[in-house]
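Novice: One structure, as C-alpha cells, below. Some questions next.
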Amino acid sequence: MKIYAIDIGSNSVRLAAMADGKTLFKRLITTRLGEGLSSTCMLSAEAIERTAQAVSKFVRIAESDGADKVYAFATAAVRSAKNGGDFVLRAKQLCGIDIDVISGETEALCGISGACNGGDGGIIDVGGASTEVSIRADGKMLYSKSVDVGTVRLFDLAGRDKSKLIKTISAKIKDYALFDAGSFRMRAIGGTASRLGSIKHGLKEYRPEITDGTVLTLEEILNLADKLLSMSVGEIRATTICGSSADIVGGGCLLTAEVMRRFNVGEITVSESDNLEGYVLLKEGRL
C-alpha cells in the first residue's frame with residue numbers, strides 16, 4: 001500500500017511517500033506560510049495562495065503515482081492564525097483534500113514517534129512557528145511541550161541580530177519546565193536539523209542518507225550559529241544548502257542551542273524520520 005503524507009509547516013510544505021513501512025522519498029517546497037504571523041496573527045493572502053498551490057502540487061504527484069491514501073496535516077502557523085480556516089478552505093478548493101490541523105501535543109507525539117520509530121528517546125523539533133521537546137521512556141511520555149517560537153517567528157521578531165535573537169529566545173523558552181534530559185538520547189528533527197546536518201557535511205543538496213544520524217554537539221552548534229549570523233544572507237546561499245532559508249538558519253541554529261542548554265543536552269543526533277512518519281503511524285492506528 002502506498003501512503004503519501006503532506007506536512008504543512010510555517011516555512012515549508014513537505015511530502016513523504018511511504019510503502020510497506022518504509023519512506024521512499026521526501027520532497028519540499030518553501031512557501032513561508034507563517035511570515036508576518038507574529039505581528040498580525042494572520043496568514044497573508046499571498047502566503048495562503050502559494051502554500052495551497054504547493055499542497056495541490058503534492059496531491060497531484062501522489063495521485064499520479066497511484067497513492068492508496070493521501071494524508072495532509074498543518075501545524076503551528078495554521079492552528080495559531082486567526083484566519084487559519086481560510087487556508088484550509090483554499091487548499092480544499094484547489095485539490096479536494098481535507099487538512100487536519102493538529103495540536104502542539106499531537107505534533108510532538110508524531111515527531112517523537114517518527115524519530116524513535118514508536119520507541120523511547122527524545123526529540124527537539126525546531127519548526128517555523130513552534131518548537132517541540134518530547135521525552136519518552138518505557139513507553140511513557142515523561143515530558144512533552146510545544147512552545148510558540150520557531151525560525152520564521154524569530155526572524156519576524158528579531159531579524160538576524162544576535163542580541164535580539166538571544167533576548168527573544170530566552171523569553172520564549174521560559175515556557176519549558178525545567179527538565180534534565182542529559183541522560184537521554186536526543187534527536188533533532190525538522191528543517192533546521194537537516195540544514196545543520198547538511199552544513200556539517202558540506203552538502204549543497206539534500207542527502208538524507210548522509211545527514212541521518214549526524215551527531216552535533218552543543219559547542220558545534222553554538223560555533224555554527226556565530227558563523228552563520230556573521231555571514232551575509234548572500235554568502236550563506238552561495239556556500240551552503242540554505243537557499244530560501246538562508247535568512248532564518250542562523251536564528252534556528254541559535255534556538256536549537258538554547259533549547260539544548262535549557263534541557264542540559266550536550267549533543268543531538270539528526271533524524272530524517274520525523275512527524276511525517278509519525279503522523280502516518282497515528283492515522284494507521286499504530287501508536
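The values are calculated or read from the model by the stated rules, or taken from the named source; none is laboratory data. Just so we're clear, the structure is a prediction, and the values are computed from it rather than from any experiment. Using ideal geometry, Cβ is built from the backbone for each residue, glycine included, and neighbour counts are taken over all protein chains shown.
Novice: Any idea which residue in the range 42-52 is nearest to the chain's Cα centre (by Cα), counting only those that are of a type in the set (A, V, I, L, M), part of a helix (DSSP H, G or I) and surrounded by fewer than 22 Cβ atoms within 10 Å (Cβ to Cβ)? So that I can check it myself, show each step before the final result.
Specialist: To start, the set of residues in the range 42-52 that are of a type in the set (A, V, I, L, M) comprises 42-43, 45, 47-48, 52.
Add one more test, that the residue is part of a helix (DSSP H, G or I), and what stays is 45, 47-48, 52.
Checking which are surrounded by fewer than 22 Cβ atoms within 10 Å (Cβ to Cβ) leaves us with 45, 47.
Values: Ala45: 22, Ala47: 18 Å.
Filtering the range 42-52 for residues that are of a type in the set (A, V, I, L, M), part of a helix (DSSP H, G or I) and surrounded by fewer than 22 Cβ atoms within 10 Å (Cβ to Cβ), the one nearest to the chain's Cα centre (by Cα) comes out as Ala47.
Novice: Taking the range 196-247 as the search range and keeping residues that are in contact with a Ser or Thr (Cβ under 6 Å, 6 or more places away or on another chain) and hydroxyl-bearing (Ser, Thr, Tyr), which one is farthest from Lys22 (Cα to Cα)?
Specialist: Ser244
Novice: For the range 141-182, what are the residues that are more than 15 Å from Leu228 (Cβ to Cβ), in contact (Cβ under 8 Å) with a residue 60 or more places away in the chain and either touching a Cys at 6+ places or on another chain (Cβ under 8 Å) or of a type in the set (S, T, N, Q) (or both)?
Specialist: Answer for the range 141-182, where residues must be more than 15 Å from Leu228 (Cβ to Cβ), in contact (Cβ under 8 Å) with a residue 60 or more places away in the chain and either touching a Cys at 6+ places or on another chain (Cβ under 8 Å) or of a type in the set (S, T, N, Q) (or both): Ser146, Ser170.
Novice: Could you check, for the range 53-67, whether at least one of its residues is in contact with a Lys or Arg (Cβ under 6 Å, 6 or more places away or on another chain) and not in a loop (DSSP other than H, G, I, E, B)?
Specialist: Taking every residue of the range 53-67 in turn, none turns out to be in contact with a Lys or Arg (Cβ under 6 Å, 6 or more places away or on another chain) and not in a loop (DSSP other than H, G, I, E, B).
Novice: Provide a single number: the residues in the range 62-99 that are surrounded by fewer than 16 Cβ atoms within 10 Å (Cβ to Cβ), touching a residue at least 24 places away in the same chain (Cβ under 8 Å) and either of a type in the set (Ser, Thr, Tyr) or within 19 Å of Glu277 (Cβ to Cβ) (or both).
Specialist: Number satisfying all stated conditions: 3.
Let's see how each residue does on (1) more than 24 Å from Met1 (Cα to Cα); (2) aromatic (Phe, Trp, Tyr); (3) modelled with pLDDT of 95 or more:
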{"position": "Phe58", "(1), (2), (3)": "no, yes, yes"}
{"position": "Glu63", "(1), (2), (3)": "no, no, yes"}
{"position": "Asp68", "(1), (2), (3)": "no, no, yes"}
{"position": "Ile123", "(1), (2), (3)": "yes, no, yes"}
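Novice: Hey, another quick one. Return yes or no: is Gly251 at negative phi and under 16 Å from the mean Cα position of the chain (by Cα)?
Specialist: Details: at negative phi: yes; under 16 Å from the mean Cα position of the chain (by Cα): yes.
Criteria met by Gly251.
Novice: A follow-up question, please. Glu209 passes all but one of (1) touching a strand residue (DSSP E or B) at 6+ places or on another chain (Cβ under 9 Å); (2) farther than 12 Å from Cys253 by Cβ; which number fails?
Specialist: Failed condition: (1).
Novice: So is Ser170 within 17 Å of the chain's Cα centre (by Cα), over 24 Å from Ser271 (Cα atoms) and polar (S, T, N, Q) or not? It would help to see each step written out before you state the result.
Specialist: On the way: within 17 Å of the chain's Cα centre (by Cα): no; over 24 Å from Ser271 (Cα atoms): yes; polar (S, T, N, Q): yes.
No.
Novice: Looking at (1) within 26 Å of Ala181 (Cβ to Cβ); (2) outside any loop (DSSP other than H, G, I, E, B), which one does Ala238 not meet, given that it meets all the others?
Specialist: Checking Ala238 against (1) within 26 Å of Ala181 (Cβ to Cβ); (2) outside any loop (DSSP other than H, G, I, E, B), the one that fails is (1).
Novice: Only one of these is in contact with a helix residue (DSSP H, G or I) (Cβ under 6 Å, 6 or more places away or on another chain), charged (D, E, K, R) and touching a residue at least 40 places away in the same chain (Cβ under 8 Å): Arg185, Arg195. Name it.
Specialist: Result of the check over Arg185, Arg195: Arg195.
Novice: Determine whether Lys167 is touching a Lys or Arg at 6+ places or on another chain (Cβ under 9 Å) and either within 16 Å of Arg261 (Cα to Cα) or polar (S, T, N, Q) (or both). It would help to see each step written out before you state the result.
Specialist: Numbers: touching a Lys or Arg at 6+ places or on another chain (Cβ under 9 Å): no; either within 16 Å of Arg261 (Cα to Cα) or polar (S, T, N, Q) (or both): yes.
In short, no.
Novice: Which residues, counting only those in the range 78-106, are out of contact with any strand residue (DSSP E or B) (no Cβ under 8 Å at 6 or more places or on another chain) and either of a type in the set (Phe, Trp, Tyr) or closer than 21 Å to Ser39 by Cα (or both)?
Specialist: Of everything in the range 78-106, those that are out of contact with any strand residue (DSSP E or B) (no Cβ under 8 Å at 6 or more places or on another chain) and either of a type in the set (Phe, Trp, Tyr) or closer than 21 Å to Ser39 by Cα (or both) turn out to be Ser80, Ala81, Lys82, Asn83, Gly85, Asp86.
Novice: Just one of (1) in a helix (DSSP H, G or I); (2) farther than 15 Å from Gly128 by Cα; (3) not charged (D, E, K, R) trips up Phe25, so point out which.
Specialist: Here Phe25 meets the rest and fails (1).
Novice: Okay, next question. Residues in the range 100-117 that are crowded, with 22+ Cβ neighbours inside 10 Å, more than 26 Å from Glu63 (Cα to Cα) and within 14 Å of the chain's Cα centre (by Cα): how many?
Specialist: The total comes to 4.
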